[in-house]
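K.L.:
One structure, pasted below without further comment.
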């Protein structure tokens, strides 16, 4: 009985704090992420699967820092950066965050549009409708109701796992590809390395850290509950990595083995899957893309508005009226309206918008990660929850690898 | 007299009596124990460590700071908890704007410089929370200072006078040394205080609740969002929590303790005064969503033989919430409810009038009435208060309209 009760209590504790970590990790598998995973599977089969293990570890390590900071200080990341590093640094960081997140918002709406275009719906209907849904959802919802919707959206990623199963992959090859070292010949190939960089580069984005920390604070998780909350982060990251793994496997089992490596984005992948893995796999891929894009499109604008307003000292919060927090509401609204609007302009060079956003993303990321490291090592701020020495070693290695790969991606992007 | 911004002084080069640059301004210190607004000294980074410069030896303070003494005479800086360092403790931090009733972030600090005899007196005048301070700090060092000054003149200032600023400090010992008492905050309406508190980080909330007067703390606690309320009470030590809960309306206190985990609410109850504890424990036994769970036991009841004057005396000695004053209840033998007189009637009747003659038909409900039915009664009879009566007809408590509004708003 005692044993049973203690487990029940423990499960109740986990359920009470689940949310922020799980949601953040899953939003990371957005339109851009799914495109990269599909490409990786289509072009290199099972040979890039090994990267998912280090990627999952990096994700856990970085997210854990953000969550811990939120729980211990009760403040958002932009608040802390402002308080510790001053106004000017914060201003430029927030400016960059707006630029890169704008690009991300465009990418998400593009994902929404292309997923439904597979079913023959015009983007001139979908995009405005999606923008309106996103705007209303966040403005009219409460934290609890939105969290429930987002958690449901996270569960929807199971689509990709089912699609992976339907693709009848060679399980043995997939598992071997995951646990073995990368093939020596592949590592010397430029396109293989480029794809690897792309995989890692999409894994950790600046906005995630701001969003995760803010929602930990919003949920009221404190230092005492943090030990339980850590499971939220770890489980979320593992699930997100598992979903990514299945996307790669699905594409490897079908597109790679039949030589269909010419796909450009996630909706191409869905379409290419149709004759190979069947109608259901195709539908699941398309639905998954729609869900992921709409989900990320709901989170990015609001998280940006919060981070910017808190860092720069503007009134923020959905409990305020429009005239009480004008900057907050305008920023939020403009990100959605302009982000969706770009897609409605005929012959808009979307590739360039995304490329600029990717480049700014790569430039902002090192700053955000280094600030996070400095903050989590600040004893005055974190008390006994500062990084341990061993943890610091892991984090520094992660940060250095992340930053160099992201910068490599930026350079590659600029050369294209 | 002229105004100088903190961000202009920070980093300014410091020249000694000989006119040689000896260092740069690192920070400015106020010692609230000695004077609430006066700058006690400048912290100067020199080649030979941090030194302090009191304004008594300054002849000018701006883009360049000039001292009338030799740098060898400047004292070494020893960090102290008792001083407020403007850059470290104020710039970019959040403060409470008591006048505007919100939490804001400091962009800059305005300091007035007054020449007295042959030296300066520096006073903190206001904190800048608007675009002027923001742009000044963004463009510092990038735009020549006279162009910048001309540009900034055109921006309407958004400043908070220093007397309306309440600082946030989470360390209790330091709060005492810096004389931070949240006096300004405590003068606000509890609902406004609650709004401010909800915008703070947990440690800062705790600081406010540890410091302000228990009565104000209790009223503020009642206004807080339920989740925040619980986390605040859990963060306080038992003694303090009990002191605050005692000051709350018994129904609100019972609601709150009912939401805490059992260990915690027991510990708080144990620390409370016996009388308050009894009232709250009684209420705790009722279901939260029934009439009894919503009622308060602090009401005015007088014997049915009383006259208007007696009712006025009872009003004078009543210590419960103002909402409960709207109706005076008349009780007969064994505290059975026999009548109700609205406050308005009392106010316009002669002192000797019999209350039983003034009594109006009243509405009551049993303790186990579901809260939705309670709300329906309020709506149907346009009530301000509703009596809760047990199976023997005895008055158990009353429900006030404000509790019904809260209940309706929180139901969703």
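K.L.:
Please tell me if residue A:368 is more than 14 Å from every other protein chain (Cβ to nearest Cβ), assigned to a helix (DSSP H, G or I) and surrounded by fewer than 22 Cβ atoms within 10 Å (Cβ to Cβ).
P.N.:
No; evaluated as a whole, the condition is false for this residue.
K.L.:
Please state which of the following conditions residue A:88 fails to meet, knowing it meets all the rest: (1) in contact (Cβ under 8 Å) with a residue 24 or more places away in the chain; (2) assigned to a helix (DSSP H, G or I); (3) within 14 Å of chain B (Cβ to nearest Cβ).
P.N.:
Among (1) in contact (Cβ under 8 Å) with a residue 24 or more places away in the chain; (2) assigned to a helix (DSSP H, G or I); (3) within 14 Å of chain B (Cβ to nearest Cβ), the lone unmet condition for residue A:88 is (1).
K.L.:
Would you please list the contacts, defined by Cβ atoms under 6 Å and residues six or more apart or on different chains, that run from a residue in segment B:321-337 that is more than 21 Å from residue B:308 (Cβ to Cβ) to a residue that is modelled with pLDDT of 85 or more and assigned to a helix (DSSP H, G or I)?
P.N.:
B:323/B:402
K.L.:
Then there is this: Looking only at residues that are part of a loop (DSSP other than H, G, I, E, B) and surrounded by 21 or more Cβ atoms within 10 Å (Cβ to Cβ) in segment B:90-137, which one is farthest from the other protein chains (Cβ to nearest Cβ)?
P.N.:
Ranking the candidates gives B:98 first.
K.L.:
Scan segment A:132-144 and give yes if some residue there is in contact (Cβ under 8 Å) with a residue 40 or more places away in the chain, closer than 18 Å to residue A:212 by Cβ and either more than 17 Å from the chain's Cα centre (by Cα) or part of a helix (DSSP H, G or I) (or both), otherwise no.
P.N.:
Looking for residues that are in contact (Cβ under 8 Å) with a residue 40 or more places away in the chain, closer than 18 Å to residue A:212 by Cβ and either more than 17 Å from the chain's Cα centre (by Cα) or part of a helix (DSSP H, G or I) (or both), one finds at least one in segment A:132-144, hence yes.
K.L.:
Just one of the numbered conditions (1) closer than 15 Å to residue B:11 by Cα; (2) buried (at least 16 other Cβ atoms within 10 Å of the Cβ); (3) modelled with pLDDT under 90 is not true of residue B:43; which one?
P.N.:
(3)
K.L.:
Please enumerate the residues belonging to segment A:184-202 that are without any contact (Cβ under 8 Å) to a residue 24 or more places away in the chain and either assigned to a helix (DSSP H, G or I) or crowded, with 16+ Cβ neighbours inside 10 Å (or both).
P.N.:
A:184, A:185, A:187, A:190, A:193
K.L.:
Taking residue A:69, is it at pLDDT 85 or above and within 14 Å of chain B (Cβ to nearest Cβ)?
P.N.:
yes
K.L.:
Still on this structure, I have one more. Filter segment A:249-291 down to the residues that are more than 24 Å from the chain's Cα centre (by Cα) and without any contact (Cβ under 8 Å) to a residue 24 or more places away in the chain and list them by number.
P.N.:
The answer is A:258, A:259, A:262, A:274, A:275, A:279.
K.L.:
Conditions: (1) closer than 15 Å to residue B:103 by Cα; (2) under 14 Å from the mean Cα position of the chain (by Cα); (3) within 14 Å of another protein chain (Cβ to nearest Cβ). Residue B:159 meets all but one. Number of the miss?
P.N.:
(2)
K.L.:
I would also like to ask the following. Suppose the filter is at pLDDT below 85 and buried (at least 24 other Cβ atoms within 10 Å of the Cβ); does residue A:19 pass it?
P.N.:
When the stated conditions are applied, residue A:19 passes them.
K.L.:
Sticking with this structure for a sec: Taking residue A:74, is it at positive phi and within 14 Å of chain B (Cβ to nearest Cβ)?
P.N.:
yes
K.L.:
Restricting attention to segment B:188-202, does a residue exist that is more than 12 Å from chain A (Cβ to nearest Cβ), in a loop (DSSP other than H, G, I, E, B) and modelled with pLDDT under 90?
P.N.:
yes
K.L.:
While we're on this one: Kindly indicate which of A:49, A:93, A:59 is part of a helix (DSSP H, G or I) and within 14 Å of another protein chain (Cβ to nearest Cβ).
P.N.:
Only one candidate qualifies: A:93.
The values are calculated or read from the model by the stated rules, or taken from the named source; none is laboratory data. What you see is a predicted model; the values in this text were computed from it and never measured. Because the Cβ atoms are built from the backbone with ideal geometry, glycine has one as well, and the counts that use them run over all protein chains shown.
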